Amino acid sequence: MKKLLVFVVSTFLCVCASAQVWHDAETMHVYGKAVDDTYSHYVRFPADINEIARKDLQYLGQDAAGLYVQFRTDSPAVHVRWTSVKKLTMSHMASVGSRGVDLYAKMDEGWRFVGSARPALDYNETTRCIVKDVDAGYREYRMYLSLYDGIGKLEIGTEPGYEFIPESAGRREAPVVMYGTSILQGGCVSRPGMAATNILGRWLDREVVNLGFSGNARLDAEIAQLMAMVENPAVFVLDNVPNCTADLILEKGEAFVRILRAAHPSVPIVFVEQAPYANDAICASSAEKVRGKNGAQRIVFERLVAAGEKNLYFVEGDSLIGSDGEATVDYVHQTDLGAMRYAEALRPVLEPLL
């Protein structure tokens, strides 16, 4: 009897799993890339940059931070099936954020979150119904991909008999290109849509390229070259301070900007300071170190201004995530609250530059 029950349940699950019509996202345009021609569909590096980048950057370049696909469907349910490249779990970040995917629907007032898909922790492939019982009619959807893991394969499922229209037209407007650390990459928000770059993309109604590399925003020339390859960028944002020493900023900061300027002489460049650590109130030495690094960022900015560079902007760190100490998960990495505050601080700076 027990074997029969197992057989019946297994058969039922197989029937349910096969009831959807699956659409391979390999044929869809992936938004959020610096360049479309990457060495694999869901990664952030083209082959030539990947070959010369440091090993740590190659590893992090696989992460799908900031990447998303869009489609239209009238299906009453949307399913997703994907494989994670690394099967990564972290003690200070929700697995939905690091390895899951998010779904937003376009409404009259803008993009609205409608569901997230939790990854399976014990194996790489996951199948989930991400939203069901949807009201009748066509809707445009945006699916944000994993922030701290790579996507090997991605399929979107709809109910039989309903239409699925993938968006494959490519970039429509000049993107915002943001370079930074694990914080920019999305650590440690609860789900992909809450990464600050994704929030800004929705608020600004503009594609945002997330070039956040956990622990590795060290002003590598290869990353500047990748940013310079972006066609028609609207603005560059440099938020590298948390991963740098003051000496490194002074040594490499100007050269990094010169690479951008050689390709895009008039595109605005926004320098961002590091936000204070949450424990600065009781750790004076830590606070002094942050002030030193921020001072170096300011020196590089002022040197470039003195040299005649135009369209340079500066954002101070003190107001980035508030002063109440409640915006991080470990005194460094942002929670959803921190990411929202960061986006709120950057929005009035970026909006006039678009």
(request) Can you work out which of the residues in the range 67-119 that are under 20 Å from Y162 (Cβ atoms) and charged (D, E, K, R) is surrounded by the most Cβ atoms within 10 Å (Cβ to Cβ)? (result) R81
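If I filter the range 217-224 for residues that are in a helix (DSSP H, G or I), farther than 23 Å from P276 by Cα and either among the acidic types (D, E) or touching a His at 6+ places or on another chain (Cβ under 7 Å) (or both), do I get at least one hit?
Our first condition is that a residue be in a helix (DSSP H, G or I); within the range 217-224, this holds for 221-224.
Add one more test, that the residue is farther than 23 Å from P276 by Cα, and what stays is 221-224.
In the following step, the residues that additionally are either among the acidic types (D, E) or touching a His at 6+ places or on another chain (Cβ under 7 Å) (or both) were identified as 222.
Yes, some residue in the range 217-224 is in a helix (DSSP H, G or I), farther than 23 Å from P276 by Cα and either among the acidic types (D, E) or touching a His at 6+ places or on another chain (Cβ under 7 Å) (or both).
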(message) Being assigned to a loop (DSSP other than H, G, I, E, B) and open to solvent by less than 20 Å² (accessible area, probe 1.4 Å) is true for just one of G161, G170. Which residue is that?
(response) G170
(request) Look at the range 265-275 and say how many of its residues are buried (at least 20 other Cβ atoms within 10 Å of the Cβ), over 16 Å from D239 (Cα atoms) and of a type outside the set (A, V, I, L, M). (result) 0
(request) Please tell me if A246 is more than 20 Å from E316 (Cβ to Cβ), at pLDDT 95 or above and open to solvent by 10 Å² or more (accessible area, probe 1.4 Å). (result) no
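Results for (1) assigned to a helix (DSSP H, G or I); (2) of a type in the set (A, V, I, L, M, F, W, C); (3) open to solvent by 20 Å² or more (accessible area, probe 1.4 Å); (4) over 27 Å from D48 (Cα atoms), shown as yes or no for each residue.
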residue	(1), (2), (3), (4)
Y179	no, no, no, no
S190	no, no, yes, yes
T197	yes, no, no, no
L200	yes, yes, no, yes
G215	no, no, yes, no
M227	yes, yes, no, no
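Hey, among the residues in the range 276-309 that are charged (D, E, K, R) and more than 28 Å from the chain's Cα centre (by Cα), which one's surrounded by the fewest Cβ atoms within 10 Å (Cβ to Cβ)?
Ranking the candidates gives E288 first.
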(request) Could you please let me know if Y148 is modelled with pLDDT of 95 or more, surrounded by 24 or more Cβ atoms within 10 Å (Cβ to Cβ) and in contact with an Asp or Glu (Cβ under 6 Å, 6 or more places away or on another chain)? (result) yes
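Just the residues that are of a type in the set (A, V, I, L, M) and farther than 14 Å from H79 by Cβ, please, taken from the range 112-171.
Taking the range 112-171 and keeping what is of a type in the set (A, V, I, L, M), we get 114, 117, 120-121, 130-131, 134, 136, 143, 145, 147, 151, 154, 156, 165, 169.
Scanning the range 112-171 gives A120, L121, A136, L145, L147, I151, I165, A169.
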(request) Would you please list the contacts, defined by Cβ atoms under 9 Å and residues six or more apart or on different chains, that run from a residue in the range 284-310 that is under 23 Å from S323 (Cβ atoms) to a residue that is open to solvent by 40 Å² or more (accessible area, probe 1.4 Å) and assigned to a helix (DSSP H, G or I)? (result) A296/D247; A296/L250
(message) For the range 3-22: of the residues being modelled with pLDDT of 95 or more and open to solvent by 40 Å² or more (accessible area, probe 1.4 Å), which is farthest from V85 (Cα to Cα)?
(response) V21
(request) Of the conditions (1) modelled with pLDDT under 95; (2) of a type in the set (G, A, S); (3) out of contact with any helix residue (DSSP H, G or I) (no Cβ under 7 Å at 6 or more places or on another chain), S319 clears all except one; give me its number. (result) (3)
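Got a sec? Which helices (runs of 4 or more DSSP H) wholly within the range 242-354 have at least 1 residues that are within 17 Å of A217 (Cα to Cα)?
Numbers: elements: 246-263, 284-306, 336-350.
Where helices (runs of 4 or more DSSP H) fall fully within the range 242-354 and carry at least 1 residues being within 17 Å of A217 (Cα to Cα), they are 246-263, 284-306.
The values are calculated or read from the model by the stated rules, or taken from the named source; none is laboratory data. Just so it is clear, the model here is predicted, and its values are computed rather than measured. Heads up, the Cβs are rebuilt from the backbone with ideal geometry, glycines too, and the neighbour counts pull from every protein chain shown. Just the protein is used for accessible areas: all its heavy atoms, side chains included, with ligands, DNA and RNA removed. Shrake-Rupley method; radii C 1.70, N 1.55, O 1.52, S 1.80 Å.
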